[in-house]
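Accompanying notes for the structure given below.
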Amino acid sequence: MATSSSNSAAGAKPNNTGAKQAGPAAEQVVAGFQRMRQEQRSLASKAAELEMEINEHSLVIETLRDVDPSRKCFRMVGGVLVERTVKEVLPALESNKEQISRIVETISTQMQTKGRELNEYRERYNIRLVGEEEGAGKAASGTQDSEGGGAKGGAGVLVS
């Protein structure tokens, strides 16, 4: 309830000053910029997670190519361990890897578009970032941190 009362109080402020200003208030500009940056970060995080899944798929595919096609293997499908043969699993893994690659390409395009939107927004409202060079280093380390969550994929394979 405290949130809704603070929202209504915050909503009342721009209405009082909005009649004199032609553009959005500084708080709204900053909030919009931060929202757009967060969207870009989440896209980067998702792309990194999917890249890890592609690497896992590649590792498993390379391992299974050297194995007898009639050999038993177990695959995790939707939280259930299913017994199959290597011959059945290998094409499914390759197909999944291709689909994930296409998704990563789409996300990469979305990130580039979001970056252009951010730059246009910065230019339009003359936004300056404090320590911009330091922010680039933090963004790179944030991407590395998000890569650790890539083990969530449900395409694990165990060969017996």
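Tabulated values for the structure
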read-out	value
Matching residues, the stretch 98-121, being of a type in the set (Lys, Arg) and open to solvent by less than 50 Å² (accessible area, probe 1.4 Å)	Lys114
Selected residue (criterion: farthest from the chain's Cα centre (by Cα)) from residues of the stretch 92-130 that are among the aliphatic types (A, V, I, L, M) and closer than 27 Å to Pro69 by Cβ	Ala92
Qualifying position, being within 21 Å of Ala48 (Cβ to Cβ), in a helix (DSSP H, G or I), in contact with a strand residue (DSSP E or B) (Cβ under 6 Å, 6 or more places away or on another chain) and among the β-branched types (Val, Ile, Thr), among Val104, Val60, Val89	Val60
Among (1) under 30 Å from Asn126 (Cα atoms); (2) open to solvent by 40 Å² or more (accessible area, probe 1.4 Å); (3) in contact with a helix residue (DSSP H, G or I) (Cβ under 8 Å, 6 or more places away or on another chain) - the single one Glu94 does not satisfy	(1)
Filter result (open to solvent by 40 Å² or more (accessible area, probe 1.4 Å), at pLDDT 95 or above and touching a helix residue (DSSP H, G or I) at 6+ places or on another chain (Cβ under 9 Å)) within the stretch 17-44	Arg37, Glu39, Gln40, Arg41
Top-ranked residue in the stretch 53-83 [being touching a residue at least 60 places away in the same chain (Cβ under 8 Å) and surrounded by 18 or more Cβ atoms within 10 Å (Cβ to Cβ); ranked as nearest to Glu105 (Cα to Cα)]	Glu53
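The values are calculated or read from the model by the stated rules, or taken from the named source; none is laboratory data. Note that the structure is a prediction, hence the values are computed from the model and not measured. Cβ sites come from the backbone with ideal geometry, for glycine too, and all protein chains shown count toward neighbours. Keep in mind that these areas ignore ligands, DNA and RNA; they rest on the heavy atoms of the full protein, side chains included. Shrake-Rupley method; radii C 1.70, N 1.55, O 1.52, S 1.80 Å.
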